[in-house]
Number of protein chains: 2
Amino acid sequence: MSMNPAPDPIFARLDRAGLVQHVVRLITDAILQGRLKPGDRLTESGIARELGLSRAPVREAARLLENRGLVVSQPNRGFFVREVTVEAIDSLYELRICIECAAVERLVAGDPAPALIGLRARIDEMRDLAEADDPLSQIEADMAFHRLICLHSGNERFVTAFDQIADETQLSLMLIGRLYDDPMRMAETHEPVFDAIAARDAQAARAALEYHIGTARRVVTDIFRKLKEDGSA
Amino acid sequence: MSMNPAPDPIFARLDRAGLVQHVVRLITDAILQGRLKPGDRLTESGIARELGLSRAPVREAARLLENRGLVVSQPNRGFFVREVTVEAIDSLYELRICIECAAVERLVAGDPAPALIGLRARIDEMRDLAEADDPLSQIEADMAFHRLICLHSGNERFVTAFDQIADETQLSLMLIGRLYDDPMRMAETHEPVFDAIAARDAQAARAALEYHIGTARRVVTDIFRKLKEDGSA
DNA sequence: GTCAAGAAGATTGTCGACAATCGACAGAAC
DNA sequence: GTTCTGTCGATTGTCGACAATCTTCTTGAC
């Protein structure tokens, strides 16, 4: 009963289970970069042909993307890139507030120290990317910041819940391009949240995060409403 | 451009997309009825042979069950019925509190009237099932009650979030058999929640629901801890 | 007796093919 | 001109088979 658990992992275990995951990544990128637009159809055979593999892994990847909310499926009709509506975004942000606020409260109740390093790094990253004028990467840093809060909450289920809505959130952000006219704004709006966490004030942290996400919610929905009006006009 | 929207639907739309869904149902029942125990392996070929169909739909059903949390998959090793730990249950209930409390608050903020009928019916159902001594069906009525709150919250995403943790919650309840010694207790513990909703008091409703789920959380984890101790002793 | 190496069996990952279903178009009936 | 019906092409749903991988059992050395 020796049970050698890890006999010296010298080489990183290369993703031999990676085909499906790879397809997921490819489709995700295509959607988030706008090469696939909301409402577009994803034909299994077409994607399979382009990638030079069979329909099975493509199909499985599509199912995974469905559960992550990036695509929707209709029986006997296939997969489509999810249509984004103002109402959906609003609902999404309401759920985000509910989950992330609970997470940050729990984070501060525990030991926030390990999280602070990563959180600080993300904010600095947003500043750098603002100077580099790279709004897309900035959005990714934003998502990473919020994910870190869930990750260090001590309740791993907050992370899975966050992940299940993260992609759709990111999609809505990518669609509108940029949130604020001043690229530095994004980093600034995260500072109060960071400060409250660093001060180990659970109530203040919750309030700051709720305000932060709530503001983003208003800004995003407003911009999106305008976009829709122009689009359908 | 006449666009007749619904020219008298005489026939109910029959589920033509049923095979995978049917398999999902079968496996779900097997797990929730205890015929498949946590840790058990789900072999695609075995299930496919038993059901008299190919592996494809079985595989797809397993993937769906994975995202609903009832099974977990390991690359190149297949699917297993999810192991339930005390920590997982505790995390689960914490997330439930966070989601359902937000849902009930929003429900009361809107018009709670349409929800009340269904909620009342579920509580009555729990009483009937207590007399009939049917704890399994009672658990289903319990889940239905909580799902109704999310359903009538006005934010459909609360429902999807709830559904993604509902099966696992139900599994933990099924595993411990019955929550309270007195079967009537389950119905009783829902009354304060119902009353607060009926009174249209959002804060009271949130508090009542938080107390209700919080109590269940303590009871379930306690029972489960005892079960584990006996099991491993 | 313990442990490592190898063979055999079982199971998943992937593939190409067929059947069922859907959407669009053309033609007939009114 | 409008509406219904039948056909056609395209796509999904399902299947059986093969290759890659994991598990288990056996074998052999120490």
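The rotation axis bringing chain B onto chain A passes closest to the chain B residue reported with its distance as B:Asn67, 2, by C-beta distance in whole Å. Under the combined filter of DSSP loop state and at most 11 neighbouring Cβ atoms within 10 Å, the stretch B:47-78 retains these trypsin sites (Lys or Arg not before Pro): B:Arg77. Counted over all Cα-Cα pairs of the stretch A:18-81, pairs farther apart than 16 Å make up 36 percent. Take the Cα radius of gyration of the stretch B:191-233 and divide it by 2.2 N^0.38 Å, N being the number of residues; the result is 1.67.
If each DSSP helix of 4+ residues adds -39,500 (n - 2.57) and the sum is divided by the residues in chain A, what number results at 222 nm, nearest 500 deg cm²/dmol? Helices in chain A give a 222 nm mean residue ellipticity of -23500 deg cm²/dmol. With label points set 7 Å from Cα along Cα→Cβ, the inter-copy distances at B:Asp181 are 6.9 nm, sorted shortest first.
Averaging the sequence gap over all C-alpha pairs within less than 8 Å and six or more residues apart, then dividing by the number of residues, gives the stretch A:115-182 a relative contact order of 31 percent. Here A:Phe80 yields copy-to-copy label distances, from shortest upward, of 4.0 nm, the label point defined as 7 Å from Cα along Cα to C-beta. Computed over chain B, relative contact order equals 23 percent, with contacts defined as Cα pairs under 8 Å that lie 6+ residues apart. The lysine pair tally for the protein assembly as shown, using Cα distances under 26 Å and a gap of 8 or more places or different chains, is 4. Atom-type composition of the exposed protein surface of the protein assembly as shown places 52 percent of the accessible area on carbon and sulfur (1.4 angstrom probe). Extent along the principal axes, Cα only, for the stretch A:86-232: 49, 32, 23 Å, with the longest axis given first. With r defined as the distance between the Cβ atoms of B:Glu105 and A:Ala109 and R0 fixed at 22 Å, what FRET efficiency is calculated, to the nearest 0.05? The pair B:Glu105/A:Ala109 has a calculated efficiency of 0.50.
For the stretch B:79-131, a/c is not less than 1.5, where a ≥ b ≥ c are the root eigenvalues of the C-alpha gyration tensor, and a/b does not top b/c. That puts it in the oblate class.
Label sites at A:Ser54 and B:Glu131, each approximated as a point 7 angstrom past Cα along Cα to Cβ, lie 5.8 nm apart. Just round it to a whole percent: the fraction of Cα-Cα distances in the protein assembly as shown exceeding 37 Å. Within the protein assembly as shown, distances greater than 37 Å cover 33 percent of Cα pairs. With all pairs of separate Cα atoms included, the stretch A:123-193 yields a Kirkwood hydrodynamic radius of 12.7 Å.
The values are calculated or read from the model by the stated rules, or taken from the named source; none is laboratory data. Keep in mind the model is a prediction, meaning the values are calculated, not measured. Every residue, glycine among them, receives a Cβ derived from its backbone with ideal geometry; neighbour counts consider all protein chains shown. Ligands, DNA and RNA are stripped out before the accessible areas are found, and what is left, the full protein with its side chains, is counted by its heavy atoms. Shrake-Rupley method; radii C 1.70, N 1.55, O 1.52, S 1.80 Å.
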